[in-house]
Amino acid sequence: MQNLPLLLLSAAVASGLLYAALTPGKGQRPAPRRLTLPACLLVLAAGLTALVVPRLSQALDHTLLSQIGQHTPALLSALLGGFTHSGSAVFLTLLISLSVTWLLLRRDISNALLLALSGLGGALLVTVSKALIARPRPALWSTVELSSYSFPSGHTLGTAACAGALAIVATRRMPRWQSAWWSTALIWVVLIGLSRMTLGVHWPSDVLAGAVTGFALPLLLSQLPGCRQAA
């Protein structure tokens, strides 16, 4: 019974991916260059994981996080500590659920599927990665005690996946504001990542791996036939 939520999540993601892959294509087929960025992001994530697992990044992580803790003003830490809740599972689930419902009411199935798969897929990646890598959380100063593992940062990966998917959908519907959508997504993810480090609950490599993996996910999903922009 303890594994039931993970099994349900895996089944939902697998079903969504199957539907998106087998749905007749909409719009133009993806150009190979559109896969370059997410492929590079995944290579970076894989490289970070290869450094983290044998603890090759530990010394640098320790130094960077110590510097962040020592040189971040108290007021900024407090502000980021409040902002970090915008990357929580509760907030992201509510945001994506409302957005998917709004799109479904407008019969925008492809964009609704993209948002749903990005949110669910991000949650699945975080759960599986934490269990497999089992990296302990930092303990450089007194902070919130969390029972889950450290790598990757779930707040950062989840936010990047949802923010990236929302930026793609917003750009499709209002392309003239593309720069604004992506700037907002990037700023949101950067602030979430900073908040997790200033709180002392994640190493820098946790945050960077979460960010690049999270952004890669919706960029890849958006190229599936069922998630592509309609012609």
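The values are calculated or read from the model by the stated rules, or taken from the named source; none is laboratory data. None of the values given here were measured: they were computed from a predicted structure. Cβ atoms come from the backbone with ideal geometry, glycine included; neighbour counts cover every protein chain shown. The area values use the complete protein model at the heavy-atom level, side chains included, leaving out ligands, DNA and RNA. Shrake-Rupley method; radii C 1.70, N 1.55, O 1.52, S 1.80 Å.
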**Item:** Relative contact order of the chain, defined on C-alpha pairs under 8 angstrom at six or more residues apart (%)
**Value:** 36
**Prompt:** Which peptide among 105-111, 142-148, 118-124 comes first, and what is the full order, when sorted by highest mean count of other Cβ atoms within 10 Å?
**Reply:** 118-124, 105-111, 142-148
**Request:** Give me the accessible area of Asp61, 1.4 Å probe, in Å² rounded to the nearest 10.
**Result:** 10
**Prompt:** To the nearest 10 Å², what's Tyr19's accessible area with a 1.4 Å probe?
**Reply:** 120
**Request:** For the chain, set up a Gaussian network in which alpha carbons nearer than 10 Å are linked by springs, and say which option among Trp102, Trp188, Trp203 fluctuates the most.
**Result:** Trp102
**Prompt:** Residues of the chain: accessible area per residue at 1.4 Å, in Å²?
**Reply:** 54
**Request:** Please give the contour-minus-distance gain from Leu56 to Thr127: 0.36 nm per residue of separation, less the Cα-Cα distance, rounded to one decimal in nm.
**Result:** 23.3 nm
**Request:** Name the residue, out of Val100, Val126, Val189, whose mean-square fluctuation peaks in a Gaussian network model built on the chain with Cα pairs under 10 Å.
**Result:** Val100
**Asked** Pick from Pro24, Pro204, Pro152: which is most flexible by mean-square fluctuation in a GNM of the chain where alpha carbon atoms under 10 Å apart are linked?
**Response** Pro24
**Asked** If you take the square roots of the eigenvalues of the alpha-carbon gyration tensor of segment 79-231 and sort them as a ≥ b ≥ c, do you get rounded (a/c under 1.5), prolate (a/b over b/c) or oblate?
**Response** prolate
**Asked** Normalised by the residues of segment 112-231, what does the relative contact order come to in percent, with Cα pairs under 8 Å and at least six apart?
**Response** 37
**Fill in**
Largest-first ranking of Arg33, Arg176 by accessible area, probe 1.4 Å, whole protein assembly kept, is Arg176, Arg33
**Request:** Determine how large the accessible area of Phe91 is when every protein chain is in place; take a 1.4 Å probe and give Å² rounded to the nearest 10.
**Result:** 90
